[in-house]
1. Taking R32, is it part of a helix (DSSP H, G or I), over 20 Å from V129 (Cβ atoms) and either in contact with a Lys or Arg (Cβ under 9 Å, 6 or more places away or on another chain) or of a type in the set (A, V, I, L, M, F, W, C) (or both)?
2. Here is a list of conditions, (1) under 22 Å from the mean Cα position of the chain (by Cα); (2) of a type outside the set (F, W, Y); (3) surrounded by 15 or more Cβ atoms within 10 Å (Cβ to Cβ), and K24 meets all of them except one; can you say which number that is?
3. Would you please list the contacts, defined by Cβ atoms under 6 Å and residues six or more apart or on different chains, that run from a residue in the range 22-46 that is farther than 21 Å from G80 by Cα and touching a residue at least 12 places away in the same chain (Cβ under 8 Å) to a residue that is of a type in the set (S, T, Y) and exposed (fewer than 15 other Cβ atoms within 10 Å of the Cβ)?
4. Restricting the search to the range 235-262, which residues are within 14 Å of the ligand (Cβ to nearest atom), polar (S, T, N, Q) and under 19 Å from L4 (Cβ atoms)?
5. Only helices (runs of 4 or more DSSP H) wholly contained in the range 70-176 count here; list those with 1 or more residues that are among the acidic types (D, E) and modelled with pLDDT of 95 or more.
6. Hey, among G223, G227, which residue is away from the ligand (no atom under 16 Å from the Cβ), on the phi > 0 side of the Ramachandran plot and at pLDDT below 95?
7. What are the residues in the range 263-277 that are without any contact (Cβ under 8 Å) to a residue 40 or more places away in the chain and either within 12 Å of the ligand (Cβ to nearest atom) or in a helix (DSSP H, G or I) (or both), if any?
8. Give me the residue from the range 47-71 that is small (G, A, S) and free of Cβ contacts under 8 Å to residues at least 60 places away in the same chain and, out of that set, farthest from T98 (Cα to Cα).
Amino acid sequence: MPELPEVETLRHDLDKEVGGRKVKAVEVRAARVVRRHRNRREFGDRLVGRKLGTTVRLGTLLLLGLDGGPETAALVVDLGPHGRLLKQRSAAPVDRQTDAVLSFSVGGDLRVLDLGKDGELFLAGQSEVEELADRWRGAIDPLADALAWQALGARLGARRERLRALLTDPTFVAGIGPVYADEILWAGGLRWDRDSDSLTAQEVRRLHRAIQEVVQEAVRLRGVSVGETPWLDLHGGKGEFEPQLSVYQREGQPCRRCRTPLVHERIQGGRTTYYCPKCQS
Ligand SMILES: [Zn+2]
């Protein structure tokens, strides 16, 4: 499942690999992925002949810049929980799960797979891009915002929720899912069920540092590919953060900090959290 470090890895690679390329053809294989458009053809017609520019990220959305003027400023990619992007040779066989294919005039394809019912593609004008930016502005983006620990403390105090639920709330922090939430809480020495407004100044500082360090290290290592449908990068490769995982799916193994066996617990929403029962409090 793509969380913030995985989406950032894609942003970086898209910028390098498809920036400057001209769209020669568009094939939308599943109409639901362009549901904001009148039909598949309208989406394709607006995209063909455009040149891609810089790719930016708004939370977990990817915006591929287009040279189409203010009416068609970006191709927005919402990957949903399992979506993937793959850069391939045009001659490579098209996978069954492929939802859309963009072919470039200098060769090569950008393929969009597994968007499911939540992911989508749409073309946005400049004003729509600004609206999207506004919508994401309320959430902390650990890669984009230089948020001081005091400001994090104020936001934690303004909500009263369990820490793990808050960290995975996209209106609070962008792009933190089950993997990085557990890793951040372990790095900060905090239990998943602590109330957000109960943290001391020192604990807020620890959480602040943990968010920055875990996310930045995961970006440096190009994300993590774990679970039943592991995330893969633009070239189909795995992320390299998995050996760095301290708690996620390591129940029964000794804590890297205090050697106590790690535990897992079922929490609300049928989810599982992994933590150290001794050094997280
Ligand atoms: Zn421990």
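1. yes
2. If we test K24 against (1) under 22 Å from the mean Cα position of the chain (by Cα); (2) of a type outside the set (F, W, Y); (3) surrounded by 15 or more Cβ atoms within 10 Å (Cβ to Cβ), just (1) comes out false.
3. K22/S105; K24/S105
4. S246
5. Fully inside the range 70-176 and qualifying: 126-137.
6. Only one candidate qualifies: G227.
7. The answer is V263, G269, G270, P277.
8. Only one residue tops the list, namely G69.
The values are calculated or read from the model by the stated rules, or taken from the named source; none is laboratory data. No experiment lies behind these values; they were computed from the predicted model shown. In this analysis, Cβ positions are derived from the backbone assuming ideal geometry, glycine residues included, and neighbour counts consider all displayed protein chains.
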